[in-house]
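A short write-up of the structure that comes next.
The values are calculated or read from the model by the stated rules, or taken from the named source; none is laboratory data. Note that the structure is a prediction, hence the values are computed from the model and not measured. Here Cβ is always computed from backbone atoms with ideal geometry, including for glycine, and neighbour counts include all displayed protein chains. Heavy atoms of the whole protein, side chains included, go into the accessibility calculation; ligands, DNA and RNA do not. Shrake-Rupley method; radii C 1.70, N 1.55, O 1.52, S 1.80 Å.
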Amino acid sequence: MQSEKISQPLAESMQDARGDDWLDVIVELGGPDAANAAGLSRSERIAALKETFSKQAEPVAEVIHRLGGEVTGRAWINGSISARVAKKMIPALSSESHVSRLDLPHRIAADV
């Protein structure tokens with residue numbers, strides 16, 4: 001079953017994997033953008049963004065651990081968690097409310 005939260009590259013990678021095969025994924029979190037709160041200083045916006053990310057990331061990290069996966073990194077600046085999970089864990093992870101997208105790790109290229 002293909003979730004709209006699973007990127008096309010990850011879906012293609014999953015086709016070649018068995019249920020117990022491990023995949024490195026990027027878990028993008030969704031939610032309100034605290035950094036755009038009116039009337040806050042730059043440092044206050046950063047603190048609010050970090051707090052919002054932490055509140056969203058912790059329950060998702062707990063699910064990853066409960067399923068038997070491993071959190072390998074967190075990036076508050078772009079609201080994502082990197083993780084190593086078995087293919088069979090991905091449907092449960094994609095059903096989490098704070099998860100907006102699951103993707104394969106990739107390099108971020110600057111717009112020029």
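Assorted remarks:
- Entry note, the chain: relative contact order of 43 percent, from Cα contacts under 8 Å with a spacing of 6+ residues.
- Accessible surface, the chain, averaged per residue in Å² (probe 1.4 Å): 63 Å²
- Just checking the listed ones, Ala57, Ala17, Ala86: in the Gaussian network model of the chain with Cα springs under 10 Å, the one fluctuating most is Ala17.
- Where [x] 67, 19, 18; [y] 50, 38, 23; [z] 45, 29, 27 are the candidate values, the label of the one calculated here for Cα extents along the principal axes in Å is [y].
- Overall, the accessible surface of the chain at a probe of 1.4 angstrom is composed of carbon and sulfur to the extent of 51 percent.
- Virtual spin-label span in nm between Ala75 and Trp22, 7 Å along Cα→Cβ: 2.1 nm
- Estimated [θ] at 222 nm from DSSP helical runs (n ≥ 4, -39500 (n - 2.57)) normalised by residues in the chain, nearest 500: -11000 deg cm²/dmol
- Counting charges near Ser43 (Lys, Arg +1; Asp, Glu -1) among other residues having Cβ under 14 Å from its Cβ returns a value of +1.
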